[in-house]
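Asker: Below are the structure tokens for one structure; questions will follow.
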Amino acid sequence: MGRHVIVVSPYDQMMVRKGDYIFSHFYDFALVFVKLGILAFYYRVFVHHVFRTVVLATSAFVLAWGIGITVTLFLACRPLNAYWDANVPGKCLMMVTFTYFTNISNLITDIWIFLMPVPMIWHLQLQTKKKLLLSLIFCIGLA
């Protein structure tokens, strides 16, 4: 909120934590749907049977990962309002640990999805220069 937490009212802190809780779910959904969109693109572009099987397996993993982090976030605190209201007694997960797990696993799946088409590109019957340029295009997508 642009101010030190000491000068922010308890009500405003609670509202920020409520917003964090809600938008964390939207962020998790967005991660999953973007990854599934890229995997759907791979499925359409590359027709090799083994690659398509890998794409489907990766899609299943991404979907399970998304469901897992969404359910975990939903159950992060018992009772639920203990997530945003410091006055409510309750038990919560170690959110720092959960955030590290979510971000590290997100990064790993991003790198995996980025690297998936590289063997397919390098087995195309193209000049090496064109293979490098095509790989560069995928690198830009990762960025």
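The values are calculated or read from the model by the stated rules, or taken from the named source; none is laboratory data. Model, not experiment: these values are computed from the prediction. All Cβ positions, even for glycine, are placed from backbone atoms using ideal geometry, and neighbour counts span all protein chains on display. For accessibility, only protein heavy atoms count, side chains too; no ligands or nucleic acids. Shrake-Rupley method; radii C 1.70, N 1.55, O 1.52, S 1.80 Å.
Asker: Scan region 95-124 and report the pairs whose first residue is touching a residue at least 24 places away in the same chain (Cβ under 8 Å) and whose second residue is surrounded by fewer than 12 Cβ atoms within 10 Å (Cβ to Cβ), with Cβ atoms within less than 6 Å and a gap of 6+ or a chain change.
Answerer: Pairs that qualify, where the first residue is touching a residue at least 24 places away in the same chain (Cβ under 8 Å) and the partner is surrounded by fewer than 12 Cβ atoms within 10 Å (Cβ to Cβ), are Phe114/Leu142.
Here's the yes/no breakdown for (1) under 11 Å from the mean Cα position of the chain (by Cα); (2) surrounded by 12 or more Cβ atoms within 10 Å (Cβ to Cβ); (3) in a loop (DSSP other than H, G, I, E, B):
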position: Leu63; (1), (2), (3): yes, yes, no
position: Gly66; (1), (2), (3): yes, yes, no
position: Thr97; (1), (2), (3): no, no, no
position: Thr102; (1), (2), (3): yes, yes, no
position: Trp112; (1), (2), (3): no, yes, no
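Asker: Name the single residue that is surrounded by the most Cβ atoms within 10 Å (Cβ to Cβ) among those in region 4-34 being assigned to a helix (DSSP H, G or I) and of a type in the set (S, T, N, Q).
Answerer: The extreme case among them is Ser24.
Asker: A follow-up question, please. Return only the number of the condition from (1) farther than 25 Å from Ile140 by Cα; (2) surrounded by 13 or more Cβ atoms within 10 Å (Cβ to Cβ) that Val55 does not satisfy.
Answerer: Only one criterion in (1) farther than 25 Å from Ile140 by Cα; (2) surrounded by 13 or more Cβ atoms within 10 Å (Cβ to Cβ) is unmet by Val55, namely (1).
Asker: Sticking with this structure for a sec: Exactly one of these conditions fails for Lys130: (1) open to solvent by 90 Å² or more (accessible area, probe 1.4 Å); (2) assigned to a loop (DSSP other than H, G, I, E, B). Give me its number.
Answerer: (2)
Asker: Name the one entry in Val47, Val55 that is within 30 Å of Ile111 (Cα to Cα), part of a helix (DSSP H, G or I) and of a type in the set (A, V, I, L, M).
Answerer: So the residue among Val47, Val55 that is within 30 Å of Ile111 (Cα to Cα), part of a helix (DSSP H, G or I) and of a type in the set (A, V, I, L, M) is Val55.
Asker: Another one. Condition (residue is at pLDDT below 90 and of a type in the set (S, T, N, Q)) applied to region 13-32: is it met by at least one residue?
Answerer: Within region 13-32, one or more residues are at pLDDT below 90 and of a type in the set (S, T, N, Q).
Asker: Please enumerate the residues belonging to region 114-127 that are open to solvent by 80 Å² or more (accessible area, probe 1.4 Å) and under 20 Å from Phe41 (Cβ atoms).
Answerer: Leu115, Trp122, His123
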